[in-house]
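Heads up, the thing below is written out as structure tokens.
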Amino acid sequence: MLDHPTTGNIFFNKKKVENWNRDEILTFRRTYVGFVFQNSNLFPNLTVFQNLKLALHYSNLKKNQKEDLIQKYLEEIGLKHKSESLPEELSGGERQRVAVASALIKEPHLFIADEPTAELDMENKENVIRLIFKMKELNTKTCIIIASHDSIFEDMIENTILIRDGLKIQEEKRLASDMVKNVSPERKLPEKIENILTCPRCKSTFIKKFFNEEKQMWIEDMKAVGIGTIYCEECKFDLTDEFVFFSLEKKSTSR
């Protein structure tokens, strides 16, 4: 509801919403929608506590109820000790966790996340995803919609819609029993980047592979791993993930 559709209609609970006036739209967004931007979009001059308090500004809860709820969410996201910190004093992963909590604390009917893991390393990705699905368990009425290029979501979402150049080209639905609802705390060994021969989206062989040398690390003195990117020249798919880049002969441990 930040923009109007060029074609088609928007319905919410069977009500046509794009013809609402400004006050109706504002009330709708404040009450029913929680939104997480790609860059967290927190208020820079407000503390973590104040950002969450602002999200509850239009709530009917009493002051002490709001404060108790904020403390509960701060504990859930593991940032109770940083409640008085400003966003610039937080890491990227911490800011994104606050953004998720801010969007979910009012228990919206609709939770929308725009590339919530795009700027995060693997560990913070797992923390943010685990938080989203943990909040879903607490707020069962909330519908989660995530726009993402990140394959980490594939086995956790009931309905997956693949969009290319603005057109839906594939839709897949899963039963709840087939889904992995929580990220495993056991980190799986990343896939070798050399083993990825085709685009994960369109299966084109016209792909490029990059890796960030600054984010390279060693595991068990045998594998070199880090953050890598697969880019498809055909469909412009861009996958940034944690990959094994190459194997080394077993040597004495070095860092």
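The values are calculated or read from the model by the stated rules, or taken from the named source; none is laboratory data. Model, not experiment: these values are computed from the prediction. Using ideal geometry, Cβ is built from the backbone for each residue, glycine included, and neighbour counts are taken over all protein chains shown.
When the criteria are applied in full, Leu120 meets the requirement of being assigned by TED's automatic domain parsing to the domain that holds Val33, of a type in the set (A, V, I, L, M) and assigned to a loop (DSSP other than H, G, I, E, B).
With respect to the conditions (1) at pLDDT 80 or above; (2) assigned to a strand (DSSP E or B); (3) out of contact with any helix residue (DSSP H, G or I) (no Cβ under 6 Å at 6 or more places or on another chain), Lys209 falls short on a single one, namely (3). Among the criteria (1) buried (at least 16 other Cβ atoms within 10 Å of the Cβ); (2) under 30 Å from Leu167 (Cα atoms), the one Leu56 does not fulfil is (2). Within segment 87-97, one or more residues are small (Gly, Ala, Ser) and part of a helix (DSSP H, G or I). Residues that are in the same structural domain as Leu90 (by TED's automatic domain parsing), in contact with a helix residue (DSSP H, G or I) (Cβ under 6 Å, 6 or more places away or on another chain) and not in a strand (DSSP E or B) within segment 1-40 comprise just one, Ser40.
On inspection, Phe153 passes the criterion of being of a type in the set (Phe, Trp, Tyr), closer than 18 Å to Phe37 by Cβ and either out of contact with any Gly (no Cβ under 9 Å at 6 or more places or on another chain) or at pLDDT 85 or above (or both). Taken together, the criteria exclude Asn124 from residues that are surrounded by fewer than 16 Cβ atoms within 10 Å (Cβ to Cβ) and closer than 30 Å to Gly226 by Cα. Any residue that is at pLDDT 90 or above, more than 23 Å from Ala99 (Cβ to Cβ) and in a helix (DSSP H, G or I) - is there at least one of those in segment 55-63? Yes. When you look at Asn19, is it more than 20 Å from Ala113 (Cα to Cα) and modelled with pLDDT of 90 or more, yes or no? No: the conditions fail for Asn19. Leu131 meets each of the listed conditions (1) in contact with a strand residue (DSSP E or B) (Cβ under 9 Å, 6 or more places away or on another chain); (2) closer than 16 Å to Phe35 by Cβ apart from (1).
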